[in-house]
1. Collect the residues in segment 154-173 that are within 19 Å of the chain's Cα centre (by Cα) and open to solvent by 60 Å² or more (accessible area, probe 1.4 Å), keeping them in residue-number order.
2. If you take the residues in segment 37-51 that are open to solvent by 40 Å² or more (accessible area, probe 1.4 Å) and polar (S, T, N, Q), which one is nearest to the ligand (Cβ to nearest atom)?
3. Evaluate the following for P69: is it closer than 27 Å to G102 by Cβ, exposed (fewer than 13 other Cβ atoms within 10 Å of the Cβ) and not polar (S, T, N, Q)?
4. Looking at segment 4-19 only, could you name the residues that are open to solvent by less than 100 Å² (accessible area, probe 1.4 Å) and closer than 20 Å to I30 by Cα?
5. Which residues, taken from segment 113-153, are over 19 Å from the mean Cα position of the chain (by Cα) and among the acidic types (D, E)?
6. Only one of V34, V8, V56 is within 16 Å of the ligand (Cβ to nearest atom) and farther than 14 Å from A173 by Cβ; which?
7. Might you check whether a residue that is at positive phi, surrounded by fewer than 13 Cβ atoms within 10 Å (Cβ to Cβ) and either at pLDDT 95 or above or in contact with a His (Cβ under 9 Å, 6 or more places away or on another chain) (or both) occurs anywhere in segment 137-152?
8. Would you mind telling me which numbered condition in (1) under 28 Å from E59 (Cβ atoms); (2) surrounded by 15 or more Cβ atoms within 10 Å (Cβ to Cβ) L119 fails?
Amino acid sequence: MSYKKEEVKCPQCGKKIRIKVHTKFDESQIADIVDRSIFAAKCSKCGKITYIDYLVDLETPNYYLYYTPGYNKSKKNIKGKITRVCDTYDDFKEKILIFEEGLNDILIEFIKTYIKNELKGEDLTNLRDIRFDSIIDDNIIFALVGLKKNVAIKRDFYNALDEKSIYKKPLRAMVIDRDTFWKYHKMK
Ligand SMILES: [Zn+2]
């Protein structure tokens, strides 16, 4: 795990903080990515915690993620692995959670549109996003970000949709989100 040390200024007091900037993560670092601690730097003077986002790849046996905050450019696919570009921290974290559960992120995006339709009639003014959260028993849990609510989707429902789905593999690694997933998904 290679990294270089860089210095950033504390946004609160201006003191220089040294941070480790990695070029590549592996699966041993997943917990620290998901709780964001790997991107955190604590100022030794005022104690303020700053999150530093930088370009870094994550390679696991099954998938490869390019974390490119703010760039959103396509990248080359890595042979034999699901390969995606993530241009925000929330996307990066969500893809890890999805792939660690062995779920299909394209289908997860499709189900989010289904959830949104099911919510019609409710006040969605504060709904900022829908994110995959976790699996509990036979349920796939989605967080309604901004509403402080969760929605549970039955695993059987997911499996039935999966059987009826045709997926198209992106020619290059892309951001797969609510705006792009439909290019790679259709129903039989
Ligand atoms: Zn400080």
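The values are calculated or read from the model by the stated rules, or taken from the named source; none is laboratory data. The structure presented is a predicted model; accordingly, all values stated were derived computationally and were not measured. Here the Cβ positions follow ideal geometry from the backbone for every residue, glycine too, while neighbour counts run over all protein chains shown. Note: areas computed on protein heavy atoms with side chains; ligands, DNA, RNA excluded. Shrake-Rupley method; radii C 1.70, N 1.55, O 1.52, S 1.80 Å.
1. K169, R172
2. S44
3. No; evaluated as a whole, the condition is false for this residue.
4. Correct list: I19 only.
5. Within segment 113-153, E118, E122, D123, D137, D138 meet the criteria.
6. V8
7. Yes - at least one qualifying residue is present in segment 137-152.
8. Of the numbered conditions (1) under 28 Å from E59 (Cβ atoms); (2) surrounded by 15 or more Cβ atoms within 10 Å (Cβ to Cβ), the odd one out for L119 is (1).
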